[in-house]
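Rule-based calculations on the coordinates, nothing more; no lab input. Since we're looking at a predicted model, the values are computed, not measured. So basically every Cβ, Gly included, is an ideal-geometry build from the backbone, and we count neighbours across all protein chains shown.
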Amino acid sequence: MPRDAADDRLSAWAARPDWWRRAVVYQVYPRSFQDSDGDGVGDLRGVLSRLDHLADLGVDVLWLSPIYRSPHADNGYDISDYRDVDPLFGTLADLDDLIAAAHARGIRIVMDLVVNHTSDEHPWFVESRSSRDNPKRDWYWWRPPRPGHDPGTPGAEPTNWESFFSGSVWQWDETTGEYYLHLFDRKQPDLNWENPEVRRAVYEMMRWWLDRGVDGFRMDVINLISKVVDLPDAPAPPGGGWADGSAFYVGGPRLHEFLQEMHREVFAGRSGLITVGETPGVTTAEALLFTDPARAEVDMVFQFDHVGLDHGPGGKFAPRRLEPGELAASFTRWQDALADTGWNSLYLANHDQARPVSRFGDDERYWRESATALATILHLQRGTPYVYQGEEIGMTNAPFADIDAYRDVESLNHYAEALARGSSPDETLRGMAAMSRDNARTPVQWDATAHAGFTTGEPWLAVNPNAARISVAAQRGVDGSVLEHYRAVIALRHDHDVVADGTFSRLDAGDPAIFAYERVLGTERLLVVANLSSEPRDATGDFSAYAEAVRVIANVDLPGRVLDALAQPLAPWAAAAWLSSGDANA
Ligand code: TEU
């Protein structure tokens, strides 16, 4: 009996080293996903209890944000023991159960690798800070006070760089009379990757996790690990204050060397894995180098072009609304740049970014339409799509009323610094309401019961009151719901190789608010058209090549034939795709 063509197709994909081109990744931020023991914080057994939700959605990989031992200064991105699970989230045995249960469903597990820095409570740092001649002193970046300044006083910091989390990147340490470097919070000292002992210890830990059954890593700010070792001052900003030191630590001189060494030491000889580097500030040229399979560095990277578009001149917390077409232009730039040997991670949401339907869509007048339009144009591009927990049901930004509602260190530090600079609480809170990372960290809205079914206790961060309207339970099995649309668009990647393997070409549809592109693989052609605005818009252009194409997805009521559908103005946030295929599995 000849094997079914679909089976052959799937087994061919399973054997491919780049299987992740056909995969969809789901990110779980454990503390906000599902609580199983009533302490108000999500945990691993809670994730285990919701695996069928992920399987039903059709995702292939589960990326777990950090679950390691941590003092939680940055919600776990400050690790104090890389080889143990924090009791807040459970135990190593719980993690082993989760890995087994995920694998039983054909879902791979990716761990969050945070090795640009550790917690200041990690034994490595405790030793390093104990004395200047401790064997681990050089595992971190220590520098004496700037000459001519009293140690520990303003101006004595070794460089003028600003931290991602406000203030200086240097923390004075009285015990040994030196400063240590922390690009993020002062409780997150940067590891010194120049030291081969550090690199060896990281690679050994990574192998330990792979041997335990995990299937890869999301590598936190991995493009910051190589610094310009002289650690020079950056040009002083005209208005004074801290300077942007990123030229001396983003994409540093030995970064590719370190990544290739990591690949040799950790991944060589293993198969079926996936690696994604989080690379803030990465350029398209750099991303091409990171993701070129011939260089054996990482499979893909998270770039920050589109999630920086709305940062106003005053920075992230002074955002602006995007002009029609800006988001599509950014995506097109990256699709074109990585078209041949590169590979894109496709995302709009994660635990650091405000909710996309609120930020890039229209969560008031066109909540469902804009959430599903954004999903359509994202998932059908060339690259590996990432779904962040709650994105699949269109969770929105939260109505934070005052500073007491916030938990995120980045937001709290920003608030303190802004008020110290003379900004008003109201003005500062307005920017935070739009852009705080806490918007993405409110508990997942499973149903309309107390605390949205997330916990039987008091949630660590308030549940969005709109859980009464927006929840998994309210959308599961409901035609046209955001959840069912995500399930359908994910299935398109699995069912049609043109989505995973096809080329990408932007199409001119006249109006910049219309994002139109086509994907081509042999005889398979996919046309995607979306009105990414809250007004009706005309799509112009020659779509006759798709006259006989079959519509495979739409988020609003549209004529089935593309020429009929585009003969009339596209409704606000209307999005659809048509497939013209010579492939039997159409
Ligand atoms: O984020 C790095 C990073 O670039 C973010 O800090 C981003 O710039 C900022 O949040 C946007 O406002 C990674 C993790 O994803 C983040 O959660 C951690 O706080 C950070 O690294 C430090 O580990």
Within the chain, helix-based [θ] at 222 nm, where runs of 4 or more DSSP H residues each add -39,500 (n - 2.57), nearest 500 | -7500 deg cm²/dmol
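Ranking request for peptides 386-396, 491-501, 83-93: highest mean number of other beta-carbon atoms within 10 Å first, then the rest in descending order.
So the peptides 386-396, 491-501, 83-93, ranked by packing, come out 386-396, 491-501, 83-93.
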Expressed in Å to one decimal, the Kirkwood Rh of segment 150-210 from all distinct alpha-carbon pairs is 13.2 Å
Among V528, F360, V110, flag the residue with its Cα farthest along the positive direction of the charge dipole of the chain, charges on Cβ as +1 for Lys/Arg and -1 for Asp/Glu.
-> V528
How large is Rg/Rh for segment 297-350, to two decimals, with Cα atoms and a Kirkwood Rh?
-> 1.02
What does the convex hull of the Cα atoms come to per residue for segment 410-557, in Å³?
-> 199 Å³
For the chain, taking Cα atoms only, what is the radius of gyration to one decimal and the Dmax to the nearest whole Å?
-> 24.0, 84
Of the peptides 370-381, 96-107, how do they stack up when ordered by the mean number of other Cβ atoms within 10 Å, highest first?
-> 370-381, 96-107
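To the nearest 20 debye, what charge dipole does segment 112-214 have about its Cα centre, counting +1 at the Cβ of each Lys and Arg and -1 at the Cβ of each Asp and Glu?
Values: 12 positive and 18 negative charges, 41 e Å.
So the magnitude is around 200 debye.
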Which far-off residues, 5 or more places away or on another chain, put their amide H under 5 Å from the one on D84, with H placed in the peptide plane?
-> R69
Where both partners of a DSSP beta bridge lie in the chain, what percent of those bridges are antiparallel, to the nearest 5?
-> 60 percent
What number in nm² do you get for segment 339-409 if you take the convex hull of its Cα atoms and divide its surface by four?
-> 6.0 nm²
Which semi-axis lengths, in whole Å and largest first, follow from the square roots of five times the eigenvalues of the Cα gyration tensor of segment 477-568?
-> 20, 19, 12
Counting Lys and Arg as +1 and Asp and Glu as -1, what is the net charge of the other residues whose Cβ lies under 9 Å from the Cβ of F33?
-> 0
May I ask you to derive the relative contact order of the chain, considering only C-alpha pairs under 8 Å and at least 6 residues apart, and to give it as an integer percent?
-> 13 percent
Tilt of helix 409-420 relative to the longest C-alpha principal axis of the chain, in degrees (0 to 90, nearest 10)?
-> 70 degrees
Where a Cα-Cα gap under 18 Å defines reach, which lysines qualify for K187, not counting those fewer than 8 residues away within the same chain?
-> K136
Here FRET efficiency (C-beta to C-beta, D230 to S271, R₀ 30 Å, nearest 0.05) is 0.15
Residue by residue through segment 17-22, the couplings from Karplus 6.51 cos²θ - 1.76 cosθ + 1.60 with θ = phi - 60°, in Hz, x for Gly and Pro, are x, 9, 4, 5, 5, 9
Hey, what D do you get for segment 166-242 in µm²/s if you plug the Kirkwood alpha-carbon radius into Stokes-Einstein at 4 °C and 1.567 mPa s?
-> 85 µm²/s
D (µm²/s, integer) via Stokes-Einstein for segment 108-250, Kirkwood Rh across alpha-carbon pairs, 10 °C, 1.306 mPa s: value 99 µm²/s
